[in-house]
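A short worksheet on the structure shown next.
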Amino acid sequence: MAEDKGQPMIKENFLRRILEIKPRNDTTLNILLLGQTGCGKSSFVNACLTALLQEGRVIKQAPVGPMTAESLTRRFISYKLKIKTNGQDAELPIQLFDSPGLQSEENKGVHTDDIKMMCRGFIKSNYLINSTNPIQSNNEMYREDPEEKDKVHCIVHVFAADVKEFVHKKVEGQLKKIKNEFREDIPQVILLTKVDRLGIADITQMFRHKMVKEYCMKAAAILDLCENDVLPQVSYSDEMVPSVYKDLVTLFNIKTIMERANDRVNGQIIPNDNSAND
């Protein structure tokens, strides 16, 4: 697939616009990634690092495993994002929070109560997840009085497009509980990963592809969100060299997520479901 000559200019424009996002009171935008094991959460973290740092290589800082494997992430981990500007690395006002993949089996994955506590800022980064027992107030990783800077400002539900069902029914139920719990308070989007595995001949045309539109509509319906709350994503798997187009998609998605989170910090959030359109 040949890269379009205009893509580098578009990439520079995205990088500039990302740099312009300035949350009030110097608040760091906290983004929580939620999804079942192998859905592409860690791959998205790596795609963001690759696109933002522009080192000419695919960065793999977050551990990545197959859909069928046990979650490689055991803790509630934060990844601070940096951007390359004027030849220097600059820290962006955003951090991505990852945790073990949600699972359909009982007593595995992340307890729903822990997810709620993460969203409200009660759980510190590097907390070791216990699938059966949610955090207690006597745990050293429990934060007594969370401030705005500790809370989640955008929830990203991560679905993989290359499986028959985007999420197991048990995981779907868990995500719906979180969506409904915070629909008035925290903006929420769906990141639809692995879109490039749908047999699309030219991924540079994926936003015009009928199948992608159908999959986005299907994903939105699961959580009763609007179609424009679904962000198609193409991350890296076995590539050694970055693709300008994949970087473009990633930059657009992280910019959109940052904007949604920034709206939350600035008090401009509206209910995050289809009810407003009824």
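Structure notes:
- Per-region count, the stretch 134-144, residues exposed (fewer than 14 other Cβ atoms within 10 Å of the Cβ) and in contact with an Asp or Glu (Cβ under 9 Å, 6 or more places away or on another chain): 1
- Subset of the stretch 84-101 (residues that are modelled with pLDDT of 95 or more and open to solvent by less than 30 Å² (accessible area, probe 1.4 Å)): 92, 94, 95, 96, 97
- The lone criterion from (1) farther than 30 Å from residue 112 by Cβ; (2) surrounded by 13 or more Cβ atoms within 10 Å (Cβ to Cβ); (3) aliphatic (A, V, I, L, M) left unmet by residue 241 is number (2).
- In the stretch 160-177, residue least open to solvent (accessible area, probe 1.4 Å) [restricted to those that are part of a helix (DSSP H, G or I) and closer than 15 Å to residue 220 by Cα]: 175
- Odd one out for residue 40 among (1) closer than 23 Å to residue 115 by Cα; (2) over 15 Å from the mean Cα position of the chain (by Cα): (2)
- All conditions in (1) modelled with pLDDT under 90; (2) within 29 Å of residue 251 (Cβ to Cβ) hold for residue 74, with the sole exception of (2).
- Set 62, 47: member being within 18 Å of the chain's Cα centre (by Cα), open to solvent by less than 10 Å² (accessible area, probe 1.4 Å) and at pLDDT 95 or above: 47
- Within the stretch 211-238, the residues that satisfy the criterion of being free of Cβ contacts under 8 Å to residues at least 60 places away in the same chain, closer than 20 Å to residue 177 by Cα and open to solvent by less than 20 Å² (accessible area, probe 1.4 Å) are 220, 225, 229, 230.
- When 198, 225 are screened for being at pLDDT 90 or above and not acidic (Asp, Glu), only 225 passes.
- A single entry from 166, 182 fulfils the requirement of being within 15 Å of residue 37 (Cα to Cα) and either free of Cβ contacts under 8 Å to residues at least 12 places away in the same chain or not small (Gly, Ala, Ser) (or both): 166.
The values are calculated or read from the model by the stated rules, or taken from the named source; none is laboratory data. Predicted, not measured: the structure shown is a model, and the values here were computed from it. With ideal geometry, Cβ positions are generated from the backbone for all residues, glycine too; neighbour counts draw on all protein chains shown. Remember, those area values only see protein heavy atoms, side chains included, never the ligands or the DNA or RNA. Shrake-Rupley method; radii C 1.70, N 1.55, O 1.52, S 1.80 Å.
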